[in-house]
């Protein structure tokens, strides 16, 4: 039990945090370079070997670690030192509830590929995410700098506003899947339904070519199919929660220099920087789990894969192969979502402060309430 | 004494101390507010020690 949990935690940290986060900084540089017709990072080299600029993340870490750690005059020392940690720790521990694979049976032992399979997993992520707001607000307050203070105030207003909307946008998904547990949510999406099944149900069309088409045109039962509007609104809200462009008004280089982390240097700035990039992975993993089917392969359920492979290779090998396929599918979805976020970040200019606020309170909030209402009506109608 | 008992005393005393810190920090409002946050977090930890991360009736 303890060994299993330790191995899972180490695996999540090795793959998600230590493996993916530094690469994302490289992806951001290279993708922006490609989008702007530049070459991008390629100067960090070890005796002539540059590996497409992949040494830049390592150079970044060495630079941040060896830089002087400055605490400005008149700053609240304790809070100034503590707030990068308050910002970074929630980003690190939110991975605990995200499933990176399903539940597998090896003989009589069960393998559940999620760090902590708690019943209110999504609420845990929201609770942890609201702690991260304290880090930014305190960083702005404790720096004894008016620009930082403005950035902290903007961050508090933005993050609290978008937290409300973010919670409301996923209520429709809870209503569809009837659960808050992320592993159950991913399991519920490991199936597909007939897109034109209603023709058979209500119009009695079956047999012949039409019946074959009805039977074989299937759509994976993903959250994005049930809740397309919820997906768009959730992605907007959670990207605003991460404070990256186009929602980076708390940083706003052209207005308030760098906002809440203006007075930070060295690895304390690095922690803010790192938590932002880890949050990108969390956003990608969370949207993949809730809306894009998590680890499930579209059109191929777990039982179908195991049934297909086990006559040739045996059940144990089939289950092992299934784990690999599911984990690869999950990582593919995560990487696609990271790519989408980078695309949005480098396509749109920064919104004005009032635009961000009115987007939240005047557009997203009424739309999400309307989404909940329509979902409820449809669910009641389907149940009869 | 089990691990849970020790954790209960750790978080219980943390909750009491930080609650006192919230009341007594009249000069520094932000420190007072942060003490409130620490109180809430330690209360959350005590709640977890009661195994309330599981639905009632679900397998432990």
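The values are calculated or read from the model by the stated rules, or taken from the named source; none is laboratory data. What you see is a predicted model; the values in this text were computed from it and never measured. In this analysis, Cβ positions are derived from the backbone assuming ideal geometry, glycine residues included, and neighbour counts consider all displayed protein chains.
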Test for residue A:111: is it in contact (Cβ under 8 Å) with a residue 24 or more places away in the chain and either part of a helix (DSSP H, G or I) or under 30 Å from residue A:43 (Cβ atoms) (or both): no
Residue satisfying condition, being farther than 30 Å from residue A:325 by Cβ and within 14 Å of chain B (Cβ to nearest Cβ), within set A:97, A:78: A:78
Qualifying helices (runs of 4 or more DSSP H) (wholly inside segment A:274-384; at least 3 residues being under 22 Å from residue A:192 (Cα atoms) and more than 26 Å from the chain's Cα centre (by Cα)): A:302-313, A:365-383
Candidates A:206, A:119, filtered to the one that is within 14 Å of chain B (Cβ to nearest Cβ) and part of a loop (DSSP other than H, G, I, E, B): A:119
Segment A:214-253, subset without any contact (Cβ under 8 Å) to a residue 24 or more places away in the chain and over 22 Å from residue A:184 (Cβ atoms), residue surrounded by the most Cβ atoms within 10 Å (Cβ to Cβ): A:214
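Residues are listed down the side, and each one gets a yes or a no for (1) within 30 Å of residue A:5 (Cβ to Cβ); (2) surrounded by 22 or more Cβ atoms within 10 Å (Cβ to Cβ):
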position	(1), (2)
A:64	no, no
A:73	no, no
A:77	no, no
A:83	yes, yes
A:89	yes, no
A:103	yes, no
A:114	yes, yes
A:118	yes, no
A:138	no, yes
Selection from segment A:136-166 of residues that are outside any helix (DSSP H, G or I) and away from chain B (no Cβ under 14 Å): A:145
Residue within segment B:44-60 that is under 23 Å from residue A:79 (Cβ atoms), away from every other protein chain (no Cβ under 14 Å) and modelled with pLDDT under 90 present: no
Subset of segment A:307-330 [crowded, with 17+ Cβ neighbours inside 10 Å and touching a helix residue (DSSP H, G or I) at 6+ places or on another chain (Cβ under 8 Å)]: A:309, A:318, A:319, A:322, A:325, A:326, A:330
Of the criteria (1) surrounded by 12 or more Cβ atoms within 10 Å (Cβ to Cβ); (2) modelled with pLDDT under 85; (3) in a loop (DSSP other than H, G, I, E, B), which one residue A:99 fails: (2)
Residue that is surrounded by the fewest Cβ atoms within 10 Å (Cβ to Cβ) [pool: residues in segment A:173-200 that are assigned to a loop (DSSP other than H, G, I, E, B) and at pLDDT 80 or above]: A:178
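Report those helices (runs of 4 or more DSSP H) wholly inside segment A:1-79 carrying at least 3 residues which are over 30 Å from residue A:140 (Cβ atoms).
Once the helices (runs of 4 or more DSSP H) in segment A:1-79 are filtered for at least 3 residues that are over 30 Å from residue A:140 (Cβ atoms), what remains is A:2-12, A:21-35.
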Hits in segment A:211-265 (condition: in a helix (DSSP H, G or I) and on the phi > 0 side of the Ramachandran plot): A:259
Residues of segment B:3-32 satisfying the condition of being within 12 Å of chain A (Cβ to nearest Cβ) and either under 27 Å from residue A:122 (Cβ atoms) or not in a helix (DSSP H, G or I) (or both): B:28
